[in-house]
Amino acid sequence: IDNTKRKDLSSIPICQIDFPEMVYIIVDKKIELEIKILRDYPDWHFLPEEDLQNKTIEIYFDLKVAKRNCKKDQKVIKVPNPNVFKIASKIMVSKGITRIICDKQLISL
């Protein structure tokens, strides 16, 4: 069986996501996005090796969860219009960011 052309069933396209009114992201002190590799998240280790190399950002629906995951040299930023991720998806893809992780969901850009 040739499974090289299989679909990515683990992620949801960003056009199908209904974001809440407000989300939160973690940035460093210079207000730069905290970009991680998908491999850094243990919940997604079942994915193929090539998918684990994707760059991701993480967004949070709850402020308390975001602050709990924030380190001393980082801060939490409120995003009042989460549709900005849909608008800026082409720019993020051009920078190498292809996935967004939020609330145990993997969103593809």
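Assorted remarks:
- Using only Cα coordinates, the Kirkwood hydrodynamic radius of the chain works out to 14.7 Å.
- FRET E, pair Asn83, Arg39, Förster distance 30 Å, beta-carbon r, rounded to 0.05: 0.55
- Taking only protein heavy atoms and a 1.4 Å probe, the accessible area of the chain is 52% carbon and sulfur.
- The length gained on full extension between Lys95 and Asp18, counted as 0.36 nm times the residue separation minus their Cα-Cα distance, comes to 25.3 nm.
- Difference of contour (0.36 nm per residue) and Cα-Cα distance, Asp103 to Lys75: 8.2 nm
- Surface accessible to a 1.4 Å probe, per residue, for the residues of the chain, Å²: 70 Å²
- The range 62-109 - Rg over Rh from alpha carbon coordinates, Kirkwood radius: 1.00
- When shorter helices are ignored and each DSSP H run of at least 4 residues is given -39500 (n - 2.57), the per-residue value for the chain at 222 nm works out to -3500 deg cm²/dmol.
- Mean Cβ count within 10 Å, highest first, over the residues of peptides 16-22, 55-61: 55-61, 16-22
The values are calculated or read from the model by the stated rules, or taken from the named source; none is laboratory data. Given the structure is predicted, the values throughout are model-derived calculations rather than measurements. We place every Cβ from the backbone using ideal geometry, glycine too, and count neighbours over all the protein chains shown. Ligands, DNA and RNA are stripped out before the accessible areas are found, and what is left, the full protein with its side chains, is counted by its heavy atoms. Shrake-Rupley method; radii C 1.70, N 1.55, O 1.52, S 1.80 Å.
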